[in-house]
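The structure under discussion appears below in the form of structure tokens.
The values are calculated or read from the model by the stated rules, or taken from the named source; none is laboratory data. What you see is a predicted model; the values in this text were computed from it and never measured. We place every Cβ from the backbone using ideal geometry, glycine too, and count neighbours over all the protein chains shown. When the accessible area is computed, the model is the full protein with side chains, heavy atoms only, and any ligands, DNA or RNA have been set aside. Shrake-Rupley method; radii C 1.70, N 1.55, O 1.52, S 1.80 Å.
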Amino acid sequence: MAGSGAASPSGSSRTAEVRRLLRAGHAKQAAELADRIASESTDPAEVVDALLRRLAALINLNRTEEYAAAVDRAFEALRCCPDPDKVGAFHALAALVAHFDGSIERCVTHMVRSMRALSRADEQSVETATAWHNLAISYSYIGFHGQALSAMDNARRVAATAGIAPEFVLLPEIKVRLAVSLDHRGDTDGCVRVLRDLMGDLTRRIPDPDGYHRLSQCDRNYFGYASSRLAALGHEPHPHTAELLANDGSESVSLALHELAQVCLAISRGEPARALELLDSLRYAETQTFGAAEIPRLRAIAHLKLGNAAEAHAADRLAFKLTAQAADRLRELFVDGIATRIDHEALRRTVARYADEALTDPLTGLPNRRHLQQYTEAMARRGEVGAVGFLDLDKFKRVNTVHGHLSGDLVLQRVAGILARVMRRGDFVARYGGDEFVLVLPSTSLEEAEEVGRRVIAAIEAEDWEALVPNTPVGITLGWAELDGRTGLASSFELADRAMLQAKAAAASSPDTAVASST
């Protein structure tokens, strides 16, 4: 799970203590101490370090309801101390949060940002090694195993340069997740090879079991699960599997690994019926540990031991189906990513027309309210008429509340990209403020504007928001008014805003109503 790194002589004694608590598996105490440090310290770097470790502790505790606020708090602190190693560490942890939130798109976005930041980071830093570690974990969770192994190699290389003992960067969870993913796809021989290699690595690096205390609790437990999983597949387990699986019950991942390991060990003892009972009574072994396919795969192994070929086949088919679904999501993300890139390219071309940065909204790249005013005043001086639309995102506050303001910013950027793609040549789009946008359509009647509005709404509805902010649908409401400089710009804006509010009220009673106009 989220790593902490080794103690660093350059860090404060308090942040070093947070790292020690994390490595020892005392995530609750680590989170509390990190929170105190962040609240009391006047050193921006120490505050960022404390908040990043607090986020890691919350992830290890599986306190999902606190993720969004913790990510926002760390991101805000990072503005005062944007060192590459801290930026990379933040995005590596934010990628894990996005994965557990169910947003593969945000996860990949954070991973790319983490990798780019870490490529510029100090290669003698404990923080950089830890960040590469966490990035490797993020890659492995979503099935990018090649990238995970590469990030793991970077973590080990930086750790060696920084003088960190090798046992601090064994990273067993990367190879365990690779191994079980091979098994889910039908390559059981490949799974066994990876697990044997991993256990051999443990024996070579720590030949004396008394040295296991040097490993973090989470690392020990992953080695324990590797041994148990080998046993379930008919191979001899490590003689000290019980010691490897021991934990104090403070971290949800360790509890999950212990539960799944007991299933594997029951199978290896010739008790497949008991293994099935354990699978039916799991409390902590959530699908996020190894993905949704691990539980049906273990069920298939248990049924096979019982001689229930039909049940084993059905469970294996389910495991394979779930694995394929995850791969399909990645393929869809690739296609969506290309579409998003095209949107961004169109948006950059739009922004390139506006040389003065004072006229551009820094978040979305669209013209800002000041530019909107200049544009419409120029229309009025020329005697031009048209239509103005006020666009408001529906229930946008919920996006910020559930997923955090950083995710809300991504939604606003995505909406800006869609508008840049959908609007006609010659139309003007500006971010008015918050989650409001203004659309100006020169020489356009209200009837034509409403047709454009329907196109915009359809494009927003067609977007895969579930991949970005799961379980928080994104919709818009549009209101239109005639834009005529002779009757006053303020009056036109007010009428469009009123029409948007009327449309929002109408949509509450009739979902089919999403566009309104006012004259």
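Side notes on the structure shown:
- 3J(HN,Hα) from dihedral phi, the stretch 196-204, Karplus parametrisation 6.51/-1.76/1.60, rounded to Hz, x for glycine, proline: 5, 4, 5, 5, x, 4, 4, 5, 5
- Net lengthening on full extension, residue 381/residue 369 (0.36 nm per residue, minus Cα-Cα): 2.5 nm
- Accessible solvent surface per residue of the chain, calculated while the other protein chains remain in place, 1.4 angstrom probe, Å²: 43
- For residue 387, distant residues with modelled amide H under 5 Å away: 441, 443, 444, 483
- The modelled label-to-label distance for the pair residue 502/residue 203, using points 7 Å beyond Cα in the direction of Cβ, is 8.0 nm.
- In order along the stretch 43-55, the phi-based Karplus estimate (6.51 cos²θ - 1.76 cosθ + 1.60, θ = phi - 60°) of 3J(HN,Hα) comes to 8, x, 5, 5, 4, 4, 4, 5, 5, 5, 5, 4, 4 Hz; Gly and Pro are listed as x.
- When the residues 157, 193 are ordered by accessible surface, computed with a 1.4 Å probe over the protein chains alone, the sequence from largest down reads 193, 157.
- This structure gives Cα extents along the principal axes in Å, computed directly, and of (i) 70, 63, 52; (ii) 87, 59, 33; (iii) 99, 58, 39 that value is listed as (ii).
- Calculated log₁₀ intensity ratio I(q)/I(0) where the Debye formula runs over C-alpha points of the stretch 398-494, q = 0.13, 0.15, 0.23, 0.25 Å⁻¹: -0.51, -0.65, -1.25, -1.40
- With K and R counted +1 and D and E -1, the other residues having a Cβ less than 11 Å from that of residue 244 yield a net charge of -1.
- Placing +1 on the Cβ of every Lys and Arg and -1 on the Cβ of every Asp and Glu, with nothing else charged, gives the chain a dipole about its Cα centre of roughly 700 debye.
- The chain - percent of accessible surface contributed by carbon and sulfur, probe 1.4 Å: 52
- Within the shell defined by Cβ-Cβ distances under 13 Å, the residues around residue 32 carry a net charge of +2, with Lys and Arg each +1 and Asp and Glu each -1.
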